[in-house]
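Some notes on the structure that comes next.
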Amino acid sequence: MQKKIIDVSRHQEKIDWSKVKGNVDGVIIRCGFGADISKNDDSQFKSNVEGCIKNGIPFGIYLYSYAKSMEAAISEANHVLRLVGPYKDMIAYPIYYDLEENGTQEGAVERAKAFGDIIEAAGYWCGIYANQSWWKEYLGNKLDRFTKWVARYSSKPPEIGSSYDMWQFTDKGSVPGIKGPVDMSYCYRDFEKIIRK
């Protein structure tokens, strides 16, 4: 099984989800970035979620992390929960913690575990997103309890020394209904069946 997944944020501007429908198998939507304050909400989050719901496109969520402290990671988890609550029963993919910000490497494993504890305690699946070098250099197998999403922009699949469920293989994808390039991934796990059982 290999599903085609895109991820979107306000950078894709307004999306015509009726045109996206049928061209992808699922979408991971950014809800925001950083601490739990409204100015850090993604301005297209609600529009993107409601567009997916209206057009029957399965979706998950991600938050871009800037956390350098445990307190900040907890705030980021609360940021997600504040925004996703109304859609809890409709989410078909995990909530991903996006770890890539330079300067946040030290302590990232511990913060990711704390983030995941809060997300899972609220009844959601939690996953970790990072590029191949982050997995190899900073995260290793210390976050194996979570589903993994690995970025490697290449024709060659990721090599991180352990298994993963999604591979983001390009940031130059093209999908009807979306202006400009979009990140594209392959998903090898039937999350819809697991999460929405």
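The values are calculated or read from the model by the stated rules, or taken from the named source; none is laboratory data. Being a predicted model, the structure only gives us computed values, none of them experimental. When we count neighbours, we look across all protein chains shown, and the Cβ atoms used for this are built from the backbone with ideal geometry, even at glycine. Note: areas computed on protein heavy atoms with side chains; ligands, DNA, RNA excluded. Shrake-Rupley method; radii C 1.70, N 1.55, O 1.52, S 1.80 Å.
A residue that is among the hydroxyl-bearing types (Ser, Thr, Tyr) and loosely packed, with under 13 Cβ neighbours inside 10 Å occurs somewhere in the stretch 163-170.
Can you spot a residue in the stretch 39-47 that is of a type in the set (Ser, Thr, Tyr), farther than 20 Å from Asp171 by Cβ and without any contact (Cβ under 8 Å) to a residue 12 or more places away in the chain? Break it down stepwise before answering.
The first filter runs over the stretch 39-47 and keeps only residues of a type in the set (Ser, Thr, Tyr), leaving 43, 47.
Those left that are additionally farther than 20 Å from Asp171 by Cβ: 43, 47.
After this cut, where a residue has to be without any contact (Cβ under 8 Å) to a residue 12 or more places away in the chain as well, the list is none.
No: the stretch 39-47 contains no residue that is of a type in the set (Ser, Thr, Tyr), farther than 20 Å from Asp171 by Cβ and without any contact (Cβ under 8 Å) to a residue 12 or more places away in the chain.
Do we find a residue being buried (at least 17 other Cβ atoms within 10 Å of the Cβ), within 15 Å of Asp7 (Cα to Cα) and touching a Ser or Thr at 6+ places or on another chain (Cβ under 7 Å) anywhere in the stretch 121-134? Scanning the stretch 121-134, I find at least one residue that is buried (at least 17 other Cβ atoms within 10 Å of the Cβ), within 15 Å of Asp7 (Cα to Cα) and touching a Ser or Thr at 6+ places or on another chain (Cβ under 7 Å), so the answer is yes. Taking the stretch 138-149 as the range and being under 18 Å from Gln168 (Cα atoms) and in a helix (DSSP H, G or I) as the test, only Leu139 passes.
For the stretch 29-39, give me the residue count where each residue is hydrophobic (A, V, I, L, M, F, W, C) and surrounded by fewer than 21 Cβ atoms within 10 Å (Cβ to Cβ). Here the count works out to 3.
Conditions (1) surrounded by fewer than 23 Cβ atoms within 10 Å (Cβ to Cβ); (2) of a type in the set (D, E, K, R); (3) closer than 21 Å to Lys193 by Cα, marked per residue:
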position	(1), (2), (3)
Asp41	yes, yes, no
Ser47	yes, no, no
Ile53	yes, no, yes
Tyr64	yes, no, no
Ser69	yes, no, no
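Scanning the stretch 1-38 for residues that are at pLDDT below 95 and touching a helix residue (DSSP H, G or I) at 6+ places or on another chain (Cβ under 7 Å) turns up nothing.
The single condition among (1) under 17 Å from the mean Cα position of the chain (by Cα); (2) open to solvent by 10 Å² or more (accessible area, probe 1.4 Å); (3) of a type in the set (Gly, Ala, Ser); (4) closer than 22 Å to Met166 by Cα that Gly26 does not meet is (2). Looking at the stretch 158-179, is at least one residue touching an Asp or Glu at 6+ places or on another chain (Cβ under 8 Å), part of a loop (DSSP other than H, G, I, E, B) and either free of Cβ contacts under 8 Å to residues at least 12 places away in the same chain or among the aromatic types (Phe, Trp, Tyr) (or both)? No. Give the stretch 66-88 a look and list any residue that's touching a residue at least 24 places away in the same chain (Cβ under 8 Å) and under 24 Å from Ile6 (Cα atoms), or say none. The answer is Tyr66, Glu76, Ala77, His79, Val80, Leu81, Arg82, Leu83, Val84, Tyr87, Lys88.
Would you point out the residue of the stretch 93-105, among those that are touching a helix residue (DSSP H, G or I) at 6+ places or on another chain (Cβ under 7 Å) and surrounded by fewer than 19 Cβ atoms within 10 Å (Cβ to Cβ), that is nearest to Ile195 (Cα to Cα)?
First, the residues of the stretch 93-105 that are touching a helix residue (DSSP H, G or I) at 6+ places or on another chain (Cβ under 7 Å): 93-95, 97, 99-100, 105.
Cutting the leftovers down to surrounded by fewer than 19 Cβ atoms within 10 Å (Cβ to Cβ) gives us 100, 105.
Values: Glu100: 26, Gln105: 30 Å.
Of everything passing the filter in the stretch 93-105, Glu100 is nearest to Ile195 (Cα to Cα).
Can you work out which of the residues in the stretch 106-120 that are under 17 Å from the mean Cα position of the chain (by Cα) and among the charged types (D, E, K, R) is surrounded by the most Cβ atoms within 10 Å (Cβ to Cβ)? By that ranking, first place goes to Arg111.
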